[in-house]
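What follows is a single structure, written as C-alpha cells, with notes after it.
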Amino acid sequence: MDLTNEKSIDTKESEIKFGTDGWRAIISQDFNFNNLIKVSIAIANFIKSNQRKELDIYKIDYTKHKDASYKVKYRDYSYGVAIGYDFRFMSEIYAKKVAEILSAFDIPVYLSEYNCSTPALSLATYKNYSAGIMITASHNPYYYNGVKYKAEYGGSSTPEMTKLIESYLKDIPNEFNNLKPKHNLIKKINFNKTYLNELLNFIDIEKIKDYVIKNNIIIVVDYMYGVLANSFRYLLNLENLIELNNNRNPYFGGKSPEPIPANLKELENVINMIGDNSIGFAFDGDGDRIFAKTKDSWITPHEILPILALHLIKNKNWDGKLIRTLPTSTKLKRIGDYFNIETIEVPVGFKYIADLFVKENILIGGEESGGIGFKNHIPERDSLLNALFILEFLAYENLKPNELINYLHKFTKESYCYRYDWHFENIEQQQNTFNKIKNNLDLFKNILDGEIEIKDYIRIKKDDYNWIILRPSGTEPLIRVYSESITYNQAQNLINSLLNKFNIKN
C-alpha cells in the first residue's frame, strides 16, 4: 500500500476482526481511539464475564493431561491485567488509554513502566495476572498498530476466546461519556528486568561467553528499531558484540520490522565484512520473531526450529512432542523421526500451538514466520531466548557459525524453503485472486503433481520434500506463497512457475 498516494487509502472504517494474533489496523484509519476504546470495553466485559470461566480451556481435566507442558488455572479479574507497549507511533499513549478504560470497569491494571517486548508482557501475565494486553502490530509496516490479548497462562488467546471477545464488540454504543477512569487502580511495573533475568535461568551464559571469547566469535544483533534494543548487551556484556538499529524509530527506517533478508541488508553487509567467525541475529518490532545470518547463509526459521529442537533433545535432555505450523519446513518432522518423537502439524497462528502447550507434553512449537516457543518458560514466542539457545548450541557442539546448517543436515538431509509475498491494492483484490486460483487448479499443471488440499489455504504436496502453499494474510492485502524442495533453486522455481501464469516477475 502506498500511503503517499491518497487514492490508495480507504478512509472507510472496516469491521474490527481479530486475526491470527489479535487485532491490527492502519493508524488513523481503523486503528483510532474510538475503535481502541471499543476493543478495550469488549476485553473488559470478556474478562469480567461468567462466560469466560465456562470456556473449554478452563475445563481441561489435568488428571488426564498430567504431562501438559503448561497447566491453565482460571484467574478472575481481581488479579488484574498487565499492559505493555512497543516502540510504534503513540503506543504508550494507546496503552494508557486501554489502562484507563479497564480501570473504569474496576479492573486493576499493571501498566508497563517502559516499552517492553511481547514475551516480557506474556511472562508477567503468566506469573501474576488474569490477562495481558500488548499494544503492537508486531512485524507489520510502520503505519499499523494493534492489540494482542494474552490469557493468564501467558499465551495467545484461543479461537474460542477470540470469538467471545468479538461477540462483545457488537453491543458497544458509540458514546463513551459515562466511562470514568479510576487512576488509583493503575500501577506501573517494570516488566523488562524480570523478563531478562528470567532468561538467565535457561541459559549457560558462562559457557556461551567462553565459546565466544575462545573462538573470537563476533555477534551482530539487528534490533530493527524494536523493543529488544540493547538486551544482548545486558545479558552477555561482551566486547565481541555489535548492535544495530538499537534505538526507537517508529518509522523503522522505512521498512517493516519483519526479520527477513529483504529488510536486513545492513546486517548482511556487516556479517560479510567480518567473515567466517561471525553470526548475526535479527528480531522483529515486538521481540517474538527471529532470523539469523552467517557469512555463507541465512539461517531461516525453517532451520532455526529444528536446530533448537535438536539442541533441547540432544544437549538439554528435554522431552515432549514437536509442533510446526502448516507452511513451516518438514525438517522439524525429520528431527522428530530421527529421535522417534511425534511431530504435529497445526494451522497458521501461534494460538494453535499455545492451545496444545496447555493440553499435551510439547517440547517446542514454531512458525515459518520466526515465532518459536518452548516448555518450561511460557507458551509464547520468544526470539531473544531463541538466539541465546542457538549460541548455547554452538558452544555445546563446539561448532563454528558456518558449520551450523551442514551439521543440521546430518540429521534432516537437505531441503530448502522459499516464500513470496504477493501484494494487492486491497483485501477484495486479494480474495478475488485467491478464489480464482482455488476455482482453477489446472494452474498447477506442469508445476507440481501431488495431493491437493483446500481450506483457507491451498496446498499441493508431492512428499515431505516437495510442496507449495498459498495462504491469504489475515492482516494485510497479500497472499503468502510458500514452497519447499531439495534445492533452493527448485523451491524458488515452484513459486516462479505459478507467478508466471499471472505475468508476475519475481
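Here are some notes:
- Residue in region 159-181 that is of a type in the set (D, E), part of a loop (DSSP other than H, G, I, E, B) and in contact (Cβ under 8 Å) with a residue 24 or more places away in the chain present: no
- Tallying residues that are more than 15 Å from K180 (Cβ to Cβ) and crowded, with 24+ Cβ neighbours inside 10 Å within region 99-109 yields 0.
- Single match in L326, L308 (criterion: modelled with pLDDT under 95, within 17 Å of the chain's Cα centre (by Cα) and outside the structural domain of N466 (by TED's automatic domain parsing)): L326
- Taking region 242-282 as the range and being of a type in the set (A, V, I, L, M, F, W, C) and touching a Pro at 6+ places or on another chain (Cβ under 6 Å) as the test, the residues that pass are I279, A282.
- Some residue of region 380-393 being among the basic types (K, R) and at pLDDT 95 or above: no
- A count restricted to region 267-297 and to residues that are crowded, with 20+ Cβ neighbours inside 10 Å and of a type outside the set (S, T, N, Q) stands at 17.
- Residues of region 261-285 classified as touching a strand residue (DSSP E or B) at 6+ places or on another chain (Cβ under 9 Å), in a loop (DSSP other than H, G, I, E, B) and touching a residue at least 40 places away in the same chain (Cβ under 8 Å), total: 3
- Considering E206, E152, the condition of being within 28 Å of the chain's Cα centre (by Cα) and not hydrophobic (A, V, I, L, M, F, W, C) is satisfied by E152 alone.
- When the test is whether a residue is within 30 Å of T125 (Cβ to Cβ) and modelled with pLDDT under 95, F350 passes it.
- Filter result (buried (at least 23 other Cβ atoms within 10 Å of the Cβ) and among the β-branched types (V, I, T)) within region 140-164: V147
- Within region 116-139, the set of residues being buried (at least 23 other Cβ atoms within 10 Å of the Cβ) and of a type in the set (S, T, N, Q) comprises S117, T118, S122, T125, T136, S138.
- Residue match in region 74-88 (condition: within 21 Å of G22 (Cα to Cα), in contact with a strand residue (DSSP E or B) (Cβ under 6 Å, 6 or more places away or on another chain) and either among the basic types (K, R) or surrounded by fewer than 17 Cβ atoms within 10 Å (Cβ to Cβ) (or both)): yes
- Unmet criterion (only one of (1) modelled with pLDDT of 95 or more; (2) buried (at least 24 other Cβ atoms within 10 Å of the Cβ); (3) within 26 Å of A229 (Cβ to Cβ)) for S369: (1)
- Residues of region 79-128 that are free of Cβ contacts under 8 Å to residues at least 24 places away in the same chain and in contact with a Cys (Cβ under 7 Å, 6 or more places away or on another chain): none at all.
- Residue match in region 155-166 (condition: at pLDDT 95 or above, over 20 Å from S103 (Cα atoms) and in contact with a strand residue (DSSP E or B) (Cβ under 9 Å, 6 or more places away or on another chain)): no
A quick yes/no check of all residues on (1) in contact with a strand residue (DSSP E or B) (Cβ under 9 Å, 6 or more places away or on another chain); (2) at pLDDT 95 or above; (3) among the polar types (S, T, N, Q):
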site	(1), (2), (3)
E6	no, no, no
K12	no, no, no
E15	no, no, no
D21	yes, no, no
N34	no, no, yes
I47	yes, yes, no
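- Being under 19 Å from the mean Cα position of the chain (by Cα) and part of a loop (DSSP other than H, G, I, E, B) holds for only one residue in N145, N140, and it is N140.
- Single match in E258, E243 (criterion: surrounded by fewer than 22 Cβ atoms within 10 Å (Cβ to Cβ) and either part of a strand (DSSP E or B) or not assigned by TED's automatic domain parsing to the domain that holds V81 (or both)): E243
The values are calculated or read from the model by the stated rules, or taken from the named source; none is laboratory data. Since the model is a prediction, treat every value here as computed from it, not as a measurement. Neighbour counts run over all protein chains shown; Cβ positions are idealised from the backbone, glycine included.
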